[in-house]
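Written out below as structure tokens is the structure these notes cover.
The values are calculated or read from the model by the stated rules, or taken from the named source; none is laboratory data. Given the structure is predicted, the values throughout are model-derived calculations rather than measurements. Cβ placement follows ideal geometry from the backbone for every residue including glycine, while neighbour counts extend to all protein chains displayed. We work out accessible area using only protein heavy atoms, side chains counted, and drop any ligands, DNA or RNA first. Shrake-Rupley method; radii C 1.70, N 1.55, O 1.52, S 1.80 Å.
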Amino acid sequence: MRNRLSLLLLLFALVSLERSSVADQVQPDAPFVMGYANQLSFVPGEEVAFHLSASGTSIDLAIDRVGKDRVRVFEKAGVACGSHSIPDRASSHGCDWPSAFSMTIPDDWVTGYYEATMQMKVGDKTTNGSLFFVVRSGNPGANTKILLQLATNTYNAYTNWGGHSLYSYHDRDGVQGHRVSFDRPLASQYGKWELPFVKWAEQSDYEIDFAVNDDLEFHPEILKHYKLVLSVGHDEYWSAPMRDHLEQYIRDGGNVAFFSGNTCCWQVRSEDDGRALTCYKQSYNVDPIYRQGDHRLLSTAWSHHLVKRPENELTGVGFLWGGYHRSHGQFMDGPGSFVVHRPEHWLFTGSQLRRGDRFGGKYTIVGYECDGCEMRWEDGLPFPTHRDGTPETFTILGSCVARWAPGDSLWYDRFPKDRVGAAVLGVYTNGGTVVSAGTTDWAHGLSGNDPAVIQITRNVLERLGSK
């Protein structure tokens, strides 16, 4: 049955590929303006180019830094542009639109997330488009020892603009893509998870430098300037070089806090100098390297038995022993909170929490996608079994039930179906210290001013990220 399914998936992929070479896609109805930047991140002095397509002949461009406040840093009216075709393989191989406008990042632009808004007026109609990029510090680590790397690989994986995403359920013809390009308009997830964290941090006078996922792959030299690296929200897609560099950083004494869930679930391979990602996911046996014998870079789940590198080895937890909470039909009336197991740990200092207390439920900090570990219980306390790759020094500090959705286990042929797992909050040390929240929605507690979530987050930033 599995071989027949694999053959069908391969035939679907071939048909889709054949069809994709036939013709360009239909343009959206006018008026429209859309675009993308030539890179994901820049340092001051580098040139950012805006590749735009619009139904009119010119647009007005504005750029804002989006943090605790939205600060306008640049405006230019009358940027000339035109309408460009959307290749039928735009989602996988990009748009190849020309640059409509380029500029050098000024020296006084501080590190952060920047959104460019394009506005076009045609008669009495006005339309807007937007794109984003990140400015890294030109002097990394000079003003802060904390680095936030945004989950831009995940943004790309979920974007179905121009054809396909890495998911089938929301694509135009139900076909799951296996390659996604950054050279197309992307749907940013920054506002859902990372921005609430950034707003709280900047309002609380924490300085943070910014980067993106592929900076861990292509600019790993920046890591040595920081004491603490952050992952916030939904950081699902990681390449092997990203993991290699961050794991070496930890062994060398660097600290990491994963205020995120479903973290490092899928292995991707970067292509086109980082402008595209490949991931075959459930259809791992269609990946061209499957039949080459060495499966370490197979673009499927990191925890797959062929890859032999579960994400637990990096984060302490993983999706195989987590799942969904208040999402995908799982525990829809669940508490949305962690129960405290070891309140004496430094992570809980100043929180006033006691063993058995719950925190974060008002803002559902345990929600959507969650990571956990295989556990055993002694005298009412959980301990990791370490059989799933969880490090020997990992300590379970909090947990909340989670579970896969029905059918999720079908793509993983050595895992039991319909078992109950947990979101796990925990810590381990291996040179540096790693904290994992085990949930995508931790930052929602910060935006809600939950006192326990705030205190725990402060403890992590100040203990692991202070100068």
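For the stretch 294-308, filtered to residues that are part of a loop (DSSP other than H, G, I, E, B) and closer than 21 Å to Met375 by Cβ, the residue that is most open to solvent (accessible area, probe 1.4 Å) is His305. Taken together, the residues in the stretch 98-115 that are surrounded by 15 or more Cβ atoms within 10 Å (Cβ to Cβ) and touching an Asp or Glu at 6+ places or on another chain (Cβ under 8 Å) amount to 5. Going residue by residue through the stretch 53-60, is there one that turns out to be open to solvent by less than 10 Å² (accessible area, probe 1.4 Å) and farther than 24 Å from Gln25 by Cα? No, the conditions are met nowhere in the stretch 53-60.
Of the conditions (1) in a loop (DSSP other than H, G, I, E, B); (2) more than 24 Å from the chain's Cα centre (by Cα); (3) free of Cβ contacts under 8 Å to residues at least 40 places away in the same chain, Arg376 satisfies every one except a single condition; which number is it? Every condition holds for Arg376 apart from (1). Where helices (runs of 4 or more DSSP H) fall wholly inside the stretch 137-246, the ranges with 1 or more residues that are acidic (Asp, Glu) are 194-203, 213-218. Per the listing Gly329, Gly323, the residue uniquely surrounded by fewer than 20 Cβ atoms within 10 Å (Cβ to Cβ) and touching a residue at least 24 places away in the same chain (Cβ under 8 Å) is Gly329.
Evaluate the stretch 370-378: report whether one residue or more is in contact with an Asp or Glu (Cβ under 9 Å, 6 or more places away or on another chain), open to solvent by 10 Å² or more (accessible area, probe 1.4 Å) and farther than 25 Å from Arg463 by Cα. Scanning the stretch 370-378, I find at least one residue that is in contact with an Asp or Glu (Cβ under 9 Å, 6 or more places away or on another chain), open to solvent by 10 Å² or more (accessible area, probe 1.4 Å) and farther than 25 Å from Arg463 by Cα, so the answer is yes.
Report, by residue number, each residue of the stretch 434-467 that is of a type in the set (S, T, N, Q) and in contact with a Gly (Cβ under 9 Å, 6 or more places away or on another chain).
Our first condition is that a residue be of a type in the set (S, T, N, Q); within the stretch 434-467, this holds for 436, 439-440, 447, 449, 455, 457, 459, 466.
Answer for the stretch 434-467, where residues must be of a type in the set (S, T, N, Q) and in contact with a Gly (Cβ under 9 Å, 6 or more places away or on another chain): Ser436, Thr439, Thr440, Gln455, Thr457, Asn459.
Residue count for the stretch 388-410, restricted to those that are open to solvent by 50 Å² or more (accessible area, probe 1.4 Å) and among the acidic types (Asp, Glu): 1. Against the numbered list (1) under 23 Å from the mean Cα position of the chain (by Cα); (2) open to solvent by 10 Å² or more (accessible area, probe 1.4 Å), Glu46 comes up short only at (1). Taking (1) assigned by the TED database to the domain that holds Asp441; (2) farther than 22 Å from Phe182 by Cα; (3) surrounded by fewer than 17 Cβ atoms within 10 Å (Cβ to Cβ); (4) touching a residue at least 12 places away in the same chain (Cβ under 8 Å) in turn, Glu344 satisfies each apart from (4). The set of residues in the stretch 223-234 being out of contact with any Ser or Thr (no Cβ under 6 Å at 6 or more places or on another chain) and open to solvent by less than 20 Å² (accessible area, probe 1.4 Å) consists of Leu223, Tyr226, Leu228, Val229, Leu230.
Among the candidates Thr364, Thr315, Thr385, single out the residue that is hydroxyl-bearing (Ser, Thr, Tyr) and crowded, with 24+ Cβ neighbours inside 10 Å. Outline the logic, then answer.
On the way: Thr364 fails: crowded, with 24+ Cβ neighbours inside 10 Å; Thr385 fails: crowded, with 24+ Cβ neighbours inside 10 Å.
Of the residues listed, the single one that is hydroxyl-bearing (Ser, Thr, Tyr) and crowded, with 24+ Cβ neighbours inside 10 Å is Thr315.
It is to be established whether one or more residues within the stretch 349-358 are out of contact with any Ser or Thr (no Cβ under 9 Å at 6 or more places or on another chain), crowded, with 16+ Cβ neighbours inside 10 Å and part of a helix (DSSP H, G or I). Scanning the stretch 349-358, I find no residue that is out of contact with any Ser or Thr (no Cβ under 9 Å at 6 or more places or on another chain), crowded, with 16+ Cβ neighbours inside 10 Å and part of a helix (DSSP H, G or I), so the answer is no. Scanning the stretch 133-159 for residues that are surrounded by fewer than 20 Cβ atoms within 10 Å (Cβ to Cβ) and under 21 Å from Asp183 (Cβ atoms) returns a single hit, Tyr158. Inclusion of Arg291 among residues that are basic (Lys, Arg), under 23 Å from Phe182 (Cα atoms) and surrounded by fewer than 20 Cβ atoms within 10 Å (Cβ to Cβ) is not warranted.
Does Glu207 satisfy being open to solvent by less than 10 Å² (accessible area, probe 1.4 Å) and either under 23 Å from Val366 (Cβ atoms) or out of contact with any Gly (no Cβ under 8 Å at 6 or more places or on another chain) (or both)? No.
Residues of the stretch 242-272 that are in contact (Cβ under 8 Å) with a residue 40 or more places away in the chain and open to solvent by 50 Å² or more (accessible area, probe 1.4 Å): Arg251, Asp252, Glu271, Asp272.
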